[in-house]
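The values are calculated or read from the model by the stated rules, or taken from the named source; none is laboratory data. A quick note: this is a predicted structure, and the numbers were derived from the prediction, not measured. Neighbour counts run over all protein chains shown; Cβ positions are idealised from the backbone, glycine included.
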Amino acid sequence: MNGYRAHRPTLRDDCGMQLQRAWQDGLWANIINMARSKAKTSKDSYFEALELAARSQLDTPLDRQAAWQAVDKIINDKVVVKDPATADLYDWALVSTGMTSDQYPKYIGAMRVNVVKANPKAKEIAKTSFFSCVANSDWEHAQQIAAVMDKSFPAERSFHFRNVITTYIYAASLDDNDVKKSMFRTLALRQIEKAKTSRPQESSSEPLPPRVIATQDEMLLWLNMVIKETKGDDLVKCLTDPSYNALSALKDGFETVCSTMMDQLKELGAWDEFYTICKTIFENGVAFWLVEDHEAKEKAKRDAQPKQEKSLEQKAAELMAAMDRLNITSPQDLLKAKRAAESIATRTIVKDWKMWENFIIAASKQPNARKALEEVEGFLTTITEFGAQHPIYRTQLDMAKLIIAFETPSEPENDITNLSARVDGLMRRFFGLLSTDEVTSLVSRLPSLYSQSEESQFRKIMLQTFHLRLRYFFTTSSKCYKPSSTYRGATCGICHSDSVPERCDPCLKEIAKECIWTWKAGLENEALLEQLKGVGASPYTDLTIIGSVCLLKLAGLDGLWGRHDNSPLAWADGKRVMQAILWMDTQHHSQSIKRQDLSVLLVKLYVLIGAASHAKPIWDSLEVKNVTLNCLGPLFADRLGTMAPGLWQNHVHGNTPTSQYLYYYRSAINKNIPNSLRLSFDNGSYASILGNLATKAKHKQSCTLVMALADHYRGIRSVDGEVMQGTWQDELAQHIKPGMRLYDTTDYGPFPNIEANPVRPIQDFLSIGPGLSEDRAHLSLLSERFLSLIAYKEPKDYRPGNAALAKDRDRNVVTPACQDMAEWMATLLNGADIRDKLTLPEVEYYSVVQALATYVGLSLTASKGDGLDRFVESIRCQLINQVTRLTERRKTASEADVTRVDVLHDVSALHANGMLRESALATVHTIRYLERARGADPKSPMPKWMKEHLSVLREAASTANRRLKEYIERLSTTVNPAGWADRIAEWAFGDLANGSRAVSDDADETYENSDTDMLLYKAIGPKRNFTMAIDLIVHSWAEAARGWSKVKLVE
Amino acid sequence: MATFRRFDPSDLDRISKCNLDPLTETYGLDFYLQYYAKWPSMFQVAEDDRGNIIGYIMGKLESSPEYFRNYEHYLPWHAHITALTVAPEARRMGIGRILSEKLEIAADNGDAWFMDLFVRKSNHRAIKFYESMGYSVFRVVKDYYGENVEDPSAGGEDAYDMRKPMKRDVKHEHIRENGRDFEVEPEDVF
């Protein structure tokens, strides 16, 4: 329900105390009697509306429908309601009885317009009516009200611009083929253009008239409309129009307008125009800074002079000056104020990094690029001098100079002697411009920077960490590799080993070892740790992340996740994975202030190894809630509904991992955004109005929203076995139609950004499967709709007069709906890159649902089973394939390795088993539906072919369920016995953990004679966090097993 | 590198660098949108090269309600810093200072007498930062914060109400030199 409608309307003053009190107390029966009696005596239709509003609160359907019938009559009889209080009552009554936004325009929107037309000079009435329409997205009537108000109050600028923007939004809300769309769009554009062109050309001391753009927000409205509605060269022409362009915007002090215009020129690739305008902006900027600097110096001089007792005249003059500044009324002062605003806006904008960056690019595209770039460098150097107190400006200038160096046409000789200085800290941006030789040269030279004995320990650890980070970065880049002369792959430019591009195992091993060595040494240096803490630096976390990621890659985790197996862990080296986890966990717990990148990595890894309940407290410590759910939620919650049924056991109390998401979206869409829209209108924040509408659309069409819905229902099904009724009509999903654009807003920013190859970021190989996508969201929603449709059951007391007719009707609804769903799903599943967007178990699940929908769509009306066999066979095969793959992997393990493989296989296959459970459940519910639809009528028994089909499907579903039962039992018996902690330690560290291999003495240890296992074991072994981390993993597996033991399989 | 601009609601999908920091509170959508709707020029963000929000400041322009005009703690038209945060990785670069300066420009444009903010008495680093920007303590609000970070057994922690005069306050009438000696109760604060 929208916020504005949550409250009961206030009664008119002429209602009397008794009625007012009854209304406040909700004494509906009393109100009905009193209102009826008043209506009789006064003949005032307001009291009829009051009676109907009171009746709408009663339980009987007749009473609840009464207001609807009354409004229907008003519409049919073309009665004009003029009283605003009457409209309020009807609005409230209809909302109370389920009016949707779709019904609003017809029932209430038109009535609101009539009220405003009848009271054209009443601002408050207009305001209430306008916001009522806006809250219901009834832009047609909102526009009519805004137009009336604009006409009634031509001197009020807010009404004029409200009219313009409402007309524009109304035009945008209409379908493309609606003739009114073009008409209203043109009207809005003409209105705003007139408001802009009516501005005086020259700076004036006169206040601007009301229907002319005066504020930055009004100018932003014009600009947003123009950008949206004008394309290509026409837009460039418009943005560079001498009568109003970015320079003019700065003259007005409109910094945001100026930067938006410049952004657009950049987007349009109008680099010549950008350069010309930008150059003038920077010339002006330098001039303003010089003036500012001069005035500041003069003031400092004055302040430094000894203060003399001021004369009475001086004091009076100062007071007058101060008074003048307080009340800027004279034309000169207005011009002075405008000039000051221009100075501030210009000085601000010439310090902005985006302007610098684009100015350099624009200069590099000039015919004489060298000269233009030199000029730019001159501007930037001068401007930086005026902002030297902010370190970021010095960094900006360094970066700008570097970009200029690279953008300046190069001289013939290519000297690499100053290479380190050229790329220091800027590897990502300029890496592509360096050759492999330059890269390897740089990497080999870096250690010399920190190997000097006079270096401080602090500087040494920082440089060492930087070196390892750089080396890892290069190892993950194709730049590091040359084609091999003896081998089909490539040769690593750093260690010269034969390798596959972007993955040199010897380098990864070396980096991991060096990270552990440095990390271990550092942990024992208390003084250095204190120093690092004092400045907020955490190189040891960086070392842990880089080293652990190397171990994960060496474990084979960066293979093609999930595309060919149940989980990315299916074929990974469990030893390396476990080492990486234990290392990261140790570092995580050693820090009082946790680093978000390490926390997020741990969360992903724990989920990956099936320890979701252990991942949860780490996730909870990140406090992802409210607005961050939309972008960060998927990092933890995605696919949880298939993996961790235990987290849904309390769903009847509304306590599930997804409930906070659904609450967030309901509040955002129904309350927060409409409220903000209202505030934006009230405050004349026109850009915010458009921003709020875009936010609403993005929330309603969010992939995270669909993820939450799908996981919510899957989680509940896993515990209940039943399909929740009403999924089809869920208000959060019902507006999403197949093919509609959906937005994936997942923010991967919290992950470490250490890879050179942006195609394979870390999060890709640490996840159960690919991230959110539009296609996956549509597939999951279509599947939910299919399940909701076939599991629909009539209420128990429903007794149709004609059962056969009711069945026909049901078929007439279900058949086309299933055919549509099957068609959409087939299109999505046949998409070229669909395998990159789904896990293999998901591909199989959606294929099963698609085949089931096809079968239902065809079989309900089929008289013969010919042609349907292949769908049955397809479903059977998909189910059996899932079962086979889940069973086969276990068989491939060697006898000696069986325990380890068993557990890792089982805990990492939670998602695959969850999808198998869903496939079996969908099949069983489809069988049940078909039996209801075609089997219950003795006059028309189920045909033999269908009985045979259903028997095949039932057998396949039973096989899947049998396999799931075995899995659940085994999971429970495998992870529960004691002694697991020792076994995990052995997996991770082999002989070192069971005592067969002696742990070396630190004193004898050198970098050369040590190995990764030994170093890591000594650093994180039993003396540190090791045992606790292992205990928590085992506990979490036991939790997962407990959760799965509560799963209800549907037979 | 950072670029500074007005907040847009889509920024909420890129604030993880700031809001995963335990010292930064994540509020409900209505809170952010209220500032966006009412004071769009006073909600500024710093964005890095990759589109991440690495700092933001939220401010507002207001006065005490008119019926408080004769009340001794009446606040005339002024700007207020509601939140200022910079991502841990982007600290010590002057981003917080630049964001504050941008807010001051908006406050001057809005004709505010002064800018104010509340800070925990124990937050010495923040106090030093604001003092270096020209803020001074105007008054001490007793037990303004429910929890005392330095002494959990205490009932609460005092806040410093810090102020900086804006251009309109030519005679610096809205600040005082000995603000640490003026104590008020939380209910006196608008």
Exercise for the section: State all residues of the range A:1-60 that are of a type in the set (Phe, Trp, Tyr) and part of a loop (DSSP other than H, G, I, E, B); if no residue qualifies, say none. Expected result: none
Practice task
Scan B:Phe43, B:Phe7, B:Phe31 and give me the residue that is more than 7 Å from chain A (Cβ to nearest Cβ), free of Cβ contacts under 8 Å to residues at least 24 places away in the same chain and within 17 Å of the chain's Cα centre (by Cα).
Solution key: B:Phe31
Completion exercise
Across the range B:16-28, the tally of residues that are hydrophobic (A, V, I, L, M, F, W, C) and at the interface with another protein chain (Cβ under 7 Å from one of its Cβ atoms) stands at 1
Exercise for the section: Could you please give the count of residues in the range A:215-248 that are among the charged types (D, E, K, R), surrounded by fewer than 19 Cβ atoms within 10 Å (Cβ to Cβ) and in contact (Cβ under 8 Å) with a residue 24 or more places away in the chain? Expected result: 1
Completion exercise
The condition of being part of a strand (DSSP E or B) and over 15 Å from B:Ala79 (Cα atoms) holds, among B:Arg180, B:Arg125, B:Arg176, B:Arg139, only for B:Arg139
Practice task
Within the range B:116-129, identify whether any single residue is more than 15 Å from the chain's Cα centre (by Cα), more than 11 Å from every other protein chain (Cβ to nearest Cβ), in contact (Cβ under 8 Å) with a residue 40 or more places away in the chain and farther than 23 Å from B:Phe7 by Cβ, and answer yes or no.
Solution key: no
Fill in the blank from the handout: Within the range A:468-492, residues outside any helix (DSSP H, G or I) and either under 20 Å from A:Asp558 (Cα atoms) or touching a Lys or Arg at 6+ places or on another chain (Cβ under 6 Å) (or both) come out as A:Thr476, A:Ser477, A:Tyr481, A:Gly489, A:Ala490, A:Thr491, A:Cys492
Practice task
Look at A:Asn136 and say whether it is outside the structural domain of A:Ala687 (by TED's automatic domain parsing), at pLDDT below 95 and buried (at least 21 other Cβ atoms within 10 Å of the Cβ).
Solution key: yes
Exercise for the section: Identify, from the list A:Val179, A:Val164, A:Val134, the residue that is at negative phi, touching a helix residue (DSSP H, G or I) at 6+ places or on another chain (Cβ under 7 Å), free of Cβ contacts under 8 Å to residues at least 60 places away in the same chain and β-branched (Val, Ile, Thr). Expected result: A:Val164
Practice task
Scan the range A:261-282 for residues that are without any contact (Cβ under 8 Å) to a residue 60 or more places away in the chain and out of contact with any Asp or Glu (no Cβ under 8 Å at 6 or more places or on another chain) and jot them down.
Solution key: A:Met261, A:Gln264, A:Glu267, A:Leu268, A:Gly269, A:Ala270, A:Glu273, A:Thr276, A:Ile277, A:Thr280
Handout entry: Residues located in the range A:391-417, provided they are within 14 Å of chain B (Cβ to nearest Cβ) and either at pLDDT below 75 or buried (at least 18 other Cβ atoms within 10 Å of the Cβ) (or both)
Key = A:Ile392, A:Tyr393, A:Gln396, A:Leu397, A:Met399, A:Ala400, A:Leu402, A:Ile403
Handout entry: 1 or more residues within 14 Å of another protein chain (Cβ to nearest Cβ), surrounded by fewer than 24 Cβ atoms within 10 Å (Cβ to Cβ) and out of contact with any Ser or Thr (no Cβ under 8 Å at 6 or more places or on another chain): qualifying helices (runs of 4 or more DSSP H) within the range A:631-679
Key = A:634-637, A:659-667
Problem - Residue count, the range B:75-106 (criterion: farther than 17 Å from B:Lys60 by Cα and more than 12 Å from chain A (Cβ to nearest Cβ)) - result: 0
